[in-house]
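The values are calculated or read from the model by the stated rules, or taken from the named source; none is laboratory data. Since the structure is predicted, the reported quantities are computational estimates derived from the model, not experimental observations. Note that each Cβ is placed from the backbone with ideal geometry, even for glycine, and that neighbours are counted across all protein chains shown.
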Amino acid sequence: MQALYAFTIGGDEATHVLETVVDEKLGDDATTKEFAKKLFLVTMDLSDEADALVSRHTQNWDLERMAWIDRLLLRMAISEMLHFEDIPPKVSINEAIEVAKRYSTAKSGKFINGILDAVLLDLHKEGRLKKSGRGLVGMDALLGGRS
């Protein structure tokens, strides 16, 4: 999230942000650095699509008025749902909620939860979720029995 925030707000080049935020902060942890870089790049690539998915569920609310951290967390969670097969959607949602509670507004956790739950249902209905791997359960459990 820090790298996306620095890129979005600071206007730096993506490579510079990756070097100064991801590489420096994560040091020698190659696995975590690789994941962080992939998430950063995928999220950047999907930002318009993620914003469109979010807009479906924010009637009478302009995305430009949304807190930047909330918007970036929504983009990241949607990117994980669509392009990280081994991460269960509920894990992506819960992580976004926890980060929002810590770094955004008092109401951000509930807001993000509501939007991401609705987006998850849309993605499931559209057949766009491709999840695999150990520890993943059926969509009924992921969706709380709403499939």
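Filter the stretch 83-109 down to the residues that are part of a helix (DSSP H, G or I) and in contact (Cβ under 8 Å) with a residue 40 or more places away in the chain, then identify the one that is surrounded by the most Cβ atoms within 10 Å (Cβ to Cβ). Filtering the stretch 83-109 for residues that are part of a helix (DSSP H, G or I) and in contact (Cβ under 8 Å) with a residue 40 or more places away in the chain, the one surrounded by the most Cβ atoms within 10 Å (Cβ to Cβ) comes out as 89.
Suppose the filter is out of contact with any strand residue (DSSP E or B) (no Cβ under 9 Å at 6 or more places or on another chain), more than 20 Å from residue 2 (Cα to Cα) and either at pLDDT 95 or above or outside the structural domain of residue 128 (by TED's automatic domain parsing) (or both); does residue 46 pass it? It is false that residue 46 is out of contact with any strand residue (DSSP E or B) (no Cβ under 9 Å at 6 or more places or on another chain), more than 20 Å from residue 2 (Cα to Cα) and either at pLDDT 95 or above or outside the structural domain of residue 128 (by TED's automatic domain parsing) (or both). Would you be able to say whether some residue in the stretch 8-23 is in contact with an Asp or Glu (Cβ under 6 Å, 6 or more places away or on another chain) and touching a residue at least 12 places away in the same chain (Cβ under 8 Å)? Taking every residue of the stretch 8-23 in turn, none turns out to be in contact with an Asp or Glu (Cβ under 6 Å, 6 or more places away or on another chain) and touching a residue at least 12 places away in the same chain (Cβ under 8 Å). Of the residues making up the stretch 24-57, those that are under 13 Å from residue 83 (Cα atoms), of a type in the set (A, V, I, L, M) and in a helix (DSSP H, G or I) are 39, 41, 42, 44, 50.
Among the candidates 126, 80, the residue that is surrounded by fewer than 18 Cβ atoms within 10 Å (Cβ to Cβ), at negative phi and either modelled with pLDDT of 95 or more or out of contact with any Phe, Trp or Tyr (no Cβ under 7 Å at 6 or more places or on another chain) (or both) is uniquely 126.
So how many residues does the stretch 35-82 have that are in contact (Cβ under 8 Å) with a residue 40 or more places away in the chain, farther than 16 Å from residue 119 by Cα and touching an Asp or Glu at 6+ places or on another chain (Cβ under 9 Å)? Counting residues in the stretch 35-82 that are in contact (Cβ under 8 Å) with a residue 40 or more places away in the chain, farther than 16 Å from residue 119 by Cα and touching an Asp or Glu at 6+ places or on another chain (Cβ under 9 Å) gives 2. Restricted to the stretch 1-38, and to residues there that are of a type in the set (Asp, Glu) and surrounded by fewer than 16 Cβ atoms within 10 Å (Cβ to Cβ), the residue that is farthest from the chain's Cα centre (by Cα) is 28. Residues in the stretch 58-76 that are within 21 Å of residue 87 (Cβ to Cβ) and not in a helix (DSSP H, G or I): none. Looking only at the stretch 103-119, residues that are touching an Asp or Glu at 6+ places or on another chain (Cβ under 8 Å) and of a type outside the set (A, V, I, L, M, F, W, C) come to 4 in all.
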